[in-house]
1. Could you tell me the distance between the Cα centroids of the stretch 262-282 and the stretch 72-106, to the nearest Å?
2. Return a whole-number percent for the relative contact order of the stretch 356-443, with Cα pairs under 8 Å and 6 or more residues apart as the contact set.
3. What per residue convex hull volume, in Å³, do the alpha-carbon atoms of the stretch 62-121 yield?
4. Could you tell me which helices of the chain pass both thresholds, a Cα extent of 24 Å or more along their own axis and a mean Kyte-Doolittle hydropathy of at least -0.5, with helices taken as whole DSSP H runs?
5. Specify the longest stretch of the chain that does not include any exposed loop site, a site being one of the trypsin sites (Lys or Arg not before Pro) with a non-H, G, I, E, B DSSP assignment and at most 14 other Cβ atoms within 10 Å.
6. Could you give me the percent of Cα pairs per 10 Å distance bin for the stretch 133-228, shortest bin first, beginning at zero and ending with the bin that holds the maximum distance?
7. Sort all Cα-Cα distances of the chain into consecutive 10 angstrom bins from zero, then give the percent of pairs in each bin up to the one containing the longest distance.
8. For the chain, what is the relative contact order in percent, using Cα pairs closer than 8 Å and at least 6 residues apart in sequence?
Amino acid sequence: MASVAVLAVLAALPIAVSFGLLVGLRWSASRSMGVGWVLATVLGIAYWGMEPTWWAGAAIYGALQAFSIILIVFGAILLMNYLELGGSISTIRWHFTGIAEDRRVQLLLIGLGFETIIEGAAGFGTPGALAAPLLIGLGFPPLGAAVFGLYFNAPNPQFGAAGTPIIGGVEAVIGDSLPASMTASEFGALVSQWTGVFTGLAFAVWGVLGIFLLIYWFGDDEEQSLRGAARATKPVVPFALLMGIVAGATQLAVAWFIGPALPSIAAGFAAFAVGLVFSQRGWLMPEDEWTFPDREGWSDTWLGGLSLSELDSGKPTKEMSVLKAWTPYLLVGAVLLVTRWPTLDLVSTLQSFEIGFDVLGFSDLAWALQPLYLPGTMPFIPVAILTGVLYGMDFEQTRDAWAESLRQVAPAALTLIVAVSLTQVMIQSAENTAGFIGMMSALSRALALAAGGALPIVAPWIGAIGTFVTGSNTTSDILFSVLQYDAAADVGISRALVVAIQNVGGGVGNPISVLNVAAICGVVGISGREGDILRKTVVPAALFALFAGLLGMVLVYVVAPSIGGVF
């Protein structure tokens, strides 16, 4: 019988090789994961002794699970393309120019409000991709626009587009590890609640830290010091704290009492509404407006290689009211709020309509699609179609929206299919003729032995590494949720809390993800400056991971026992 250490080393190969190819050789995520999938297959059949039919069932089951996630991604992208082609996004950008002149206030409204709304409604890299051009249109240096487009997308990807990281990530892979008395959605609700505690507290101070870093990195010579940046940050601290606390409290309350589908979009709307009212009425506003040094003095690094004439003006492409521009977001939020509201008890009704079957006849591999509950099919796609009607889009624009969405979703779809299939092969390797524990169990036991009681401190870094490499909080959860769950069980601490820390870590990895940084550079037009961005975003990411780990230790060892334990 092979030792746990040997099994863990072998089980780590598919993931380690995939990560090495992606980071070291800069292969695409789908290609890198494909190599990992082949390695897992060879190990599963040749070493673990998986029956070929069972292996095939596990691989197909994983691909089918990925289909549900792909529908969410496609629906989110389709909605964004309808908004872009219909003129809504450019109108929203233009609206921000009339709200406030102070760059600190503008950044808080966009970062804590706009980006959080976009993450909750669309996710999958769209917040930074939309916010960065908006910030440039307002007069931010291109490098700063890219950095803070990524920075403010750290405390909200944990709930993603309508809860995808938890619904399509954690719940998609955790079912086989749970006791018979608990469903995947019940466990997901626990993960949602405790994730909200971490992100809600982080949100409270995230705006203040963001403004401090903005001034420290992009202020004048005197302000690019700890004392100078603190002095210029102080006047806006009350407003930043207000918006952060509103966003955090809303996100925590919704995550705890309603579920994972609405926390980010609700937090974004609440923070943006409060920020808008206070800024327009002059409440808690700094006496002196802060702005960047004169553009003529911006370095090539700040400009990201662009010239001043290349900076976006941010003018709207189509005349429409601000309310009309925001209407699709309001519709998405309203549908999700009504269908997920606990007292209305609609969730069970919507989930009761299923399309599914037992994969290759295995009842343990029963796949099901819930089209009335899945955010991609309800409400993203219907609201996107209604958006076309609302904005009077013609056939050509509608065709372009669908064609562009299919083109954009294709690489993400392939990556998700391979990643989820890889994960399921590793999970289902527990059913084998060699008598070995499964690959994921071997990894978790090795992790538990290495981390021991410090697992809550290690857990967020594992989640962050997953997103750093794959660019997706959801994919990180798919890869590591079961591993973290099993490790927590081996250590004897709360499994739900540790998986929540994993999910939080996945969001932490967003601002430093190779794929996200490359994507935002492409959107802003400063490709080749990825290193400049990473050198800045790694600082807040590391602080967030450290915070999550320390808070995790307190929750696991102090709070959980005091309330009778958390599963």
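Read-outs: derived from the displayed coordinates by stated rules, not from any lab. Only a predicted model underlies this, so the values are computations on that prediction, with no experimental measurement involved. Here the Cβ positions follow ideal geometry from the backbone for every residue, glycine too, while neighbour counts run over all protein chains shown.
1. 15 Å
2. Working: 36 pairs, mean separation 9.3, N = 88.
It comes to 11 percent, rounded to a whole number.
3. Working: hull volume 4.8 nm³, N = 60.
Dividing the Cα hull volume of the stretch 62-121 by its residue count gives 80 Å³.
4. Working: long enough: 4-23 (28 Å, 2.67); 52-86 (50 Å, 1.38); 184-218 (46 Å, 1.43); 237-257 (29 Å, 1.79); 263-281 (27 Å, 1.16); 322-340 (27 Å, 1.34); 395-428 (47 Å, 0.49); 473-491 (25 Å, 0.36); 530-554 (35 Å, 1.28).
Correct list, ordered by number: 4-23, 52-86, 184-218, 237-257, 263-281, 322-340, 395-428, 473-491, 530-554.
5. Working: sites that count: Arg26, Lys318.
Longest stretch, sites excluded: 27-317.
6. 14, 31, 25, 17, 10, 3, 0
7. 4, 18, 29, 27, 15, 6, 1, 0
8. Details: 1027 pairs, mean separation 142.3, N = 567.
The normalised contact order for the chain reaches 25 percent.
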